[in-house]
Amino acid sequence: MRLRTTLFSVLVLIALVLSGTIFVGFTLHKTDVRAQERQAVEQTATVVADRIDTWVETTATSVELWATTIDVTGTPSQQRLLETFIDRTDFDSTSIYSAEGALVSIAGSDLTSAERAALVGNNYSSRAFMQRPLAGETYVSDVDQTLDGDYVIRIAAPIWGANESVTGVFSGNIEIGPTSLFGNVTDVSRSRESVTVTADDQTLFSDAGTVRDPITANATVTRTGWIVSVARPTATIAGQLRVATMMQISGVAVALLSIAVVGLWVSRTTFAQIQELSTALKTLESGEYRTDLDLGSIDEWRRISGRFNTVSEMLKQRDSQLRVLNRVLRHNLRNDMNVVTSHTERILADEDVPDTVESDLEKIHSTALRLINTSEHARTLYDDLLAKPKQAVGPVDVVSIVEERTEELASQFPEATIETNLPATALALDSATLPIVIEEIVRNALIHNDLPESEQQVTVSVCRQDPARAAVGANTEVRIDIADNGPGIPMVEEALLTNQLEETSIDHGSGLGVWLVNWLVDQIGGTVSVHTGVERGTTVSIHVPAAEEPPEPGADTDTSDPGGSGSAHGEDSIRDGLSDVADENGAS
């Protein structure tokens, strides 16, 4: 994954996490505001219910106290006491009953003397307001509705005699309404709250109309079982919710903007420098040694720029040194060897040269020629491998290359056996180097084989590695196996060929061919492996990246030849150099 994509993914992830955290945080805050508002409404309902319950308890206690001052006699003084009770309390009527349930006395603001006389003496022993007080309890009745539509309750208390026995019942009826019980209910509620008191589906009190989108809470009056409902409109906290929502949106926007600013800053201070550094590395790879790279004023980029310019200057100096060495090989060594060959040729042309001297002169002459060929080969390597930038690779058919090279080598070594084991086709990525490598390895296998030419055998096999059998993460490749029945490759040559050994003044190869194969295969992204038999034989395996699409008809795989001569010129010059080295190694 590219750095830009990775950073973008990380920033998006951070933005999602940060925005989600802010959003969830403010959502929880709004939920908490609603919960607090609901708790406040529940508290109001509880306070109203407690006030009603306190009023009922206080009224019942008042009846109990008055019951202690009353006896069951029906005398005029008792009647006056009942009227005093009505005057001093909120009760509308009151009455006294005997222990047998008979009405003894009754008083009320709306009762006439005739009505009182008609009621006195009636028996009410089966009524709940008689049975409960006679059992020693203070009774609070359910709500009754009068003909006028008012709601009243009856509170009855036992009348105790001298011997702690119930001698009668003292009872009173009281209206419950806004002027009595519910007069101070709204004092504990807010201005926009609605309080409703119900009992058995009857609405005893309601101080407001319908509330839109309310927050509601209920509480129960302990003594009577009445339900107190408080409704508060959500509009009371709408302002807080709007502020929380705006802060929520603003927090997410600020988080996203901050991350965007960070991303832009990183892009301008990092990606631009990386792109410029990548471009500078490409120019360095192509052989242009720039020493003016400036990635900015940040300390890290300034140090990278300085080190790049230092490395570029060092490579430029080494390239200059390599050019000097190449010139020495091309001119000085070749000129000196030309002097040697010309003098030996002139001496050999003399007929008076003794045979022993002539043999030595021929060795000197052949050695001088090999040195000249070696210098020319080194020049070829420099001109076609080192002095040129890395060539572009493209798809080629390895099978066609093997068939062409083995056919050509078979004509040069007619008595040797060159066999192939090839599929119909095998596409690989190459830059005109595989023909050189295959021919070099096969030719060396034949030249260095110590068996007679008629017994020499070389087998070239090509296969495309099955992706299902490749290691996890491995790329598909084409493998070229070149097996012979020769004496085997020396250990030093094998180690150099497979990059297992770095050449030193002590451990080194016998020529440039091994290095050439290694360099060429490395240029196309391939590797070389060697397997030597127990007694004889060597198998050199070339692993190169496979291509998925066939090459276009007439396409030239060499797209980087600055001289315009194409890949054929470089291939022919390198092959000529390889032939010289092969001749040198064979002669030695």
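The values are calculated or read from the model by the stated rules, or taken from the named source; none is laboratory data. Owing to the predicted nature of the structure, the values given are computational and were not obtained by experimental measurement. Because the Cβ atoms are built from the backbone with ideal geometry, glycine has one as well, and the counts that use them run over all protein chains shown. To get the accessible areas, we keep the full protein, side chains included, count just its heavy atoms, and leave off ligands, DNA and RNA. Shrake-Rupley method; radii C 1.70, N 1.55, O 1.52, S 1.80 Å.
With Glu419, Glu440 as the choices, which residue is surrounded by fewer than 17 Cβ atoms within 10 Å (Cβ to Cβ) and not in a loop (DSSP other than H, G, I, E, B)? Please lay out each step first, then the result.
Working: Glu440 fails: surrounded by fewer than 17 Cβ atoms within 10 Å (Cβ to Cβ).
So the residue among Glu419, Glu440 that is surrounded by fewer than 17 Cβ atoms within 10 Å (Cβ to Cβ) and not in a loop (DSSP other than H, G, I, E, B) is Glu419.
Could you count how many residues in region 320-337 are open to solvent by less than 70 Å² (accessible area, probe 1.4 Å) and at pLDDT 80 or above?
Final tally of qualifying residues: 2.
Could you give me the residue pairs with C-beta distances under 8 Å whose first residue belongs to region 308-327 and is at positive phi, whose second residue is open to solvent by less than 80 Å² (accessible area, probe 1.4 Å) wherever it lies, and which are 6+ apart or on separate chains?
Qualifying pairs under 8 Å: none.
Which of the numbered conditions does Ser109 fail, given that it passes all the others? Conditions: (1) open to solvent by less than 80 Å² (accessible area, probe 1.4 Å); (2) over 59 Å from the mean Cα position of the chain (by Cα); (3) among the hydroxyl-bearing types (Ser, Thr, Tyr).
The one condition Ser109 does not meet is (1).
Is it the case, given these coordinates, that Thr46 is hydroxyl-bearing (Ser, Thr, Tyr) and modelled with pLDDT of 90 or more?
Considered against the rule, which asks whether it is hydroxyl-bearing (Ser, Thr, Tyr) and modelled with pLDDT of 90 or more, Thr46 comes out as yes.
Residues checked against (1) at pLDDT 85 or above; (2) surrounded by 13 or more Cβ atoms within 10 Å (Cβ to Cβ); (3) among the polar types (S, T, N, Q):
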residue: Val396; (1), (2), (3): yes, yes, no
residue: Thr406; (1), (2), (3): yes, yes, yes
residue: Ala426; (1), (2), (3): yes, yes, no
residue: Gln465; (1), (2), (3): no, yes, yes
residue: Asn475; (1), (2), (3): no, no, yes
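Which residue pairs have Cβ atoms under 6 Å apart, sit 6 or more places apart or on different chains, and have a first residue in region 25-46 that is more than 18 Å from Ala219 (Cβ to Cβ) and not assigned by the TED database to the domain that holds Val195 and a second that is surrounded by 15 or more Cβ atoms within 10 Å (Cβ to Cβ) and small (Gly, Ala, Ser)?
Phe26/Ala244; His29/Ala244; Lys30/Ala244
Within region 13-46, which residues are aliphatic (A, V, I, L, M) and surrounded by fewer than 17 Cβ atoms within 10 Å (Cβ to Cβ)?
Going through region 13-46, the residues aliphatic (A, V, I, L, M) turn out to be 13-18, 22, 24, 28, 33, 35, 40-41, 45.
Passing the criteria: Leu13, Ile14, Leu16, Val17, Val24, Leu28, Val33, Ala35.
Note down all Cβ pairs under 7 Å where the first residue falls in region 70-81 and is more than 16 Å from Thr167 (Cα to Cα), the second is open to solvent by less than 50 Å² (accessible area, probe 1.4 Å), and they're at least six residues apart or on different chains.
Close Cβ pairs satisfying both conditions: Gln79/Ser105; Gln79/Ala107; Leu81/Ile70.
Collect the residues in region 266-283 that are polar (S, T, N, Q) and surrounded by fewer than 16 Cβ atoms within 10 Å (Cβ to Cβ), keeping them in residue-number order.
Answer for region 266-283, where residues must be polar (S, T, N, Q) and surrounded by fewer than 16 Cβ atoms within 10 Å (Cβ to Cβ): Ser267, Thr269, Gln275, Ser278, Thr279, Thr283.
Kindly provide the set of residues from region 211-245 that are of a type in the set (Lys, Arg) and either touching a Pro at 6+ places or on another chain (Cβ under 8 Å) or outside the structural domain of Arg154 (by the TED database) (or both), ordered by number.
The answer is Arg212, Arg232, Arg242.
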